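Presented below is the structure to which this report refers.
The values are calculated or read from the model by the stated rules, or taken from the named source; none is laboratory data. Just so you know, these numbers come straight off a predicted model, no measurement behind them. Positions of Cβ are generated from backbone atoms using ideal geometry, with glycine treated the same way; all protein chains shown enter the neighbour counts. The protein model used for the area step is the full one, side chains on, heavy atoms only, and it has no ligands, DNA or RNA in it. Shrake-Rupley method; radii C 1.70, N 1.55, O 1.52, S 1.80 Å.
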Amino acid sequence: MNQEKIGKFIAKRRKEKKLTQEEVAFGICSTATLSRYENGVILPSKSSTIKSMAFFLVTISPGIYFGKSV
């Protein structure tokens, strides 16, 4: 999965839950960093990805994050 797709996914989930970037970023990263993730400027670290997926109650396979079939 590339950084643009990950960013769009995070933004979509955040908006579906009617949350602000500040609410999602709290305890995960800065608001500015979350904005960069959502805009596909940077790829979230594995730690940030796991925390944000846990925040949204989403499970992912490690292979999806690294672009491999599992």
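Would segment 1-21 turn up any residue that is among the hydrophobic types (A, V, I, L, M, F, W, C), in a loop (DSSP other than H, G, I, E, B) and at pLDDT below 85? Yes.
Taking every residue in segment 9-38 that is closer than 15 Å to Thr49 by Cα and pairing it with any residue that is in a helix (DSSP H, G or I) and open to solvent by 60 Å² or more (accessible area, probe 1.4 Å), at least 6 positions away or on another chain, the pairs with Cβ-Cβ distances below 6 Å are Ile28/Lys51; Thr31/Glu22. Of everything in segment 29-70 that is part of a loop (DSSP other than H, G, I, E, B), modelled with pLDDT under 60 and of a type outside the set (Phe, Trp, Tyr), the residue that is surrounded by the most Cβ atoms within 10 Å (Cβ to Cβ) is Ile60.
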